[in-house]
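Enquirer: Mind looking over this structure? Questions follow.
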Amino acid sequence: MMNKILSVVGLLSIIALTSCKRDDVPGPEEARPHAEVYLEDLAKIEDYLQSHYIKINDDNGNGKLEVTEVVMDSINAENPISIWDQTDYPLQYKIVKLYGVDFKVYFLKLDAKGDTDADGKKPCGVDKVWVSYKGNLLNGTQFDIAVNQTDFNLIDVVKGWEYIMPEFRAGYYAAPNGDGVLNPMNYGSGVMFLPSGLGYFNSYVPGETYAPLIFTFNLYDVVYLDQDSDKVLSRYEYSFNSDGTLLDTDGDGIPDVFDGDDDNDGYMTRDEIKINGTYPDFDAILDCSGTTSGVKKHLDASCH
Ligand SMILES: [Ca+2]
Ligand SMILES: [Ca+2]
Ligand SMILES: [Ca+2]
C-alpha cells in the first residue's frame, strides 16, 4: 500500500513512475495564497476542536496504545466534553513560521509521561522516525493508516511532521513477558491538527484540496541522521532563526544542516573537526584555540 504521508512531490513522482496515465487523479489546483488559506483552515480546525471529543478505547486490552484505539467524533450526550475543553490531554500549540505565515499548529500529547522521561530520544525535524499512525480529514474520513511500525525521514513527508514530531519523544524496546519478544515501551503518542499549508495544500492527495489533516501517531524510535555527511549530527545543526529560517552560519544560502562546509572557508567541516584521525562527539569539537569553550572550528572561518 502506498503511504500517502509522503510529500506531494515524492508521491507524484511515484505515481508518475508506476502508472502511464492516471485520469482519475486530477492535477493540483492553482495554489491560493498561504495566508488566506491558513485563516480558513484555522477556523475549521478550531471549530472541530470545539465540536468533537476524544476518547481512547483499549480495544485489544494489551495495554499498548494503538492508533486505531484513539477515537474522535462529534460531541454527544455520552461524550459531551470537547477536545478544546477536556483536560486529560491538554491542548497545546506550536507556532510554525513558514511561507510568510505564522501557522498555529494544535497538538495533543496522549502520554502524560511526556518530556520528563530520560529514556526518550527526540527527533529533530530532519531525522528518521519509526512510527505507527493514521491520517484523517476533519469530516472523519481516514485517508491513510499504518498500524504497524513504519519508518520515514521527516524531510520526506508532509511539512507538519517536521515541526511537530520534535515535540515528542520515542520510547525503548524491552521484552516484558520474558519471552524474548521485544515490544516498544513507554513511547510518545499524540495527535496533530495540521493546516493544509503544512499538509497537501492544493493537491488532491488526501481526497480534496486545502484539507486540514489530523494525524494520530505513536513515535517508537528515532534514528539520528547526518543529512550533509559532515560528521556533525543534524540535530546539532538543525536550528531556526527568529524569522523561522534555518540557521546558516556562513550565509551562503545553504542551511548548516545541509552544508558540508559550514563556515565557507574552503575546508570541509568533516576535515576541520577531526582530532587525531577520528570524529569527536559534538561537545568535544574544538575551537580555533584548541579548547571547547569558543566558536567551534567548523563554524569559524578564521581557522581550519
Ligand atoms: Ca551555509
Ligand atoms: Ca553542516
Ligand atoms: Ca569549513
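Each reported figure results from applying straightforward, stated rules to the coordinates on display, with no laboratory input. This structure is a prediction, so every number in the text was calculated from the model and none was measured. Reconstructed Cβ throughout: ideal geometry from the backbone, glycine too, with neighbour counts over all protein chains shown.
Enquirer: Among the strands (runs of 3 or more DSSP E) confined wholly to the range 70-179, which include 3 or more residues that are aliphatic (A, V, I, L, M), crowded, with 19+ Cβ neighbours inside 10 Å and touching a residue at least 60 places away in the same chain (Cβ under 8 Å)?
Expert: Ranges flagged: 101-109.
Enquirer: Would you be able to tell me the number of residues in the range 208-238 that are among the hydroxyl-bearing types (Ser, Thr, Tyr), within 30 Å of residue 270 (Cβ to Cβ) and buried (at least 18 other Cβ atoms within 10 Å of the Cβ)?
Expert: The qualifying residues number 2.
Enquirer: Still on this model: Does residue 56 count as under 26 Å from residue 187 (Cβ atoms) and either in contact (Cβ under 8 Å) with a residue 24 or more places away in the chain or surrounded by fewer than 19 Cβ atoms within 10 Å (Cβ to Cβ) (or both)?
Expert: Against the criterion (under 26 Å from residue 187 (Cβ atoms) and either in contact (Cβ under 8 Å) with a residue 24 or more places away in the chain or surrounded by fewer than 19 Cβ atoms within 10 Å (Cβ to Cβ) (or both)), residue 56 qualifies.
Enquirer: Scanning the range 208-229 for residues that are in contact with a strand residue (DSSP E or B) (Cβ under 9 Å, 6 or more places away or on another chain) and acidic (Asp, Glu), which turns out nearest to residue 187 (Cα to Cα)?
Expert: 221
Enquirer: Can I ask one more? Conditions: (1) part of a strand (DSSP E or B); (2) aromatic (Phe, Trp, Tyr); (3) out of contact with any Leu (no Cβ under 8 Å at 6 or more places or on another chain). Residue 236 meets all but one. Number of the miss?
Expert: Residue 236 satisfies all of (1) part of a strand (DSSP E or B); (2) aromatic (Phe, Trp, Tyr); (3) out of contact with any Leu (no Cβ under 8 Å at 6 or more places or on another chain) except (1).
Enquirer: OK, next. Evaluate the following for residue 203: is it in contact with a Pro (Cβ under 6 Å, 6 or more places away or on another chain) and among the small types (Gly, Ala, Ser)?
Expert: Yes, satisfied.
Enquirer: If the requirement is being surrounded by 15 or more Cβ atoms within 10 Å (Cβ to Cβ) and more than 18 Å from residue 294 (Cα to Cα), which of these qualifies: 261, 243, 252?
Expert: 261
Enquirer: Filter the range 265-278 for residues that are surrounded by 14 or more Cβ atoms within 10 Å (Cβ to Cβ) and part of a loop (DSSP other than H, G, I, E, B); which is farthest from ligand 3 (Cβ to nearest atom)?
Expert: 274
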